[in-house]
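Chemist: Have a look at the structure that comes next, please.
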Amino acid sequence: MMPTETIAPQAEQARSSTGDPATAVATRQESAPVGPAGKKGFHIFTITLGVEPRDGEYKPGTLTYKLTAPSGWKWVDWGNYYYYDEENYKHTQVKTLQTSVDGKVLSFSLDSHLNTGKSDGTRLCFTVMADPESKATKGMSSDGKVAVTGSASKLPADIKLYGIIT
């Protein structure tokens, strides 16, 4: 696994659905899959969105997420999400995502909110499964991307995902 790495600066301030300023949201990659080229199995990518500072709220409404797999990887039509509270080290029950895969792009929409008291937390975590392709080569590919769009979304438009093949 790769160490935790910040992969995007804090986002600009957005407006919440109530019109109040929303807190900036930081995005980071928590881990990357590790495995031999061509071996199918449970290779997991985890992406988190976090509210900064932790006592702020973020409620942009429904956002659409499009994840482009890094070179040498393809998404499996599977995914889930959960909220994590960093202050109390607790997470909510894992919930299934209704995803669609178009080639190497996995997409889904979700009513996204952080730290609002709606049984969420300071981090919104997405976990998706990937398979290495048979033509994958050893090393790290950093050309995967996450694009987030929505009415009030000010998240970074381009976030890297990393894939490691041993």
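Each value in this text was obtained by applying a stated rule to the coordinates, not by laboratory testing. No experiment lies behind these values; they were computed from the predicted model shown. Neighbour counts run over all protein chains shown; Cβ positions are idealised from the backbone, glycine included.
Chemist: So which lysines can residue 160 reach, going by Cα to Cα under 19 Å and dropping same-chain residues fewer than 8 places off?
Modeler: 66, 74, 104, 138, 145
Chemist: To one decimal place, what Kirkwood hydrodynamic radius in Å is obtained for region 56-102 from all pairs of distinct Cα atoms?
Modeler: Result for region 56-102 stands at 13.5 Å.
Chemist: Among 160, 90, 59, which comes first, then next, by fewest other beta-carbon atoms within 10 Å?
Modeler: Exposure proxy ranking, most exposed first: 90, 160, 59.
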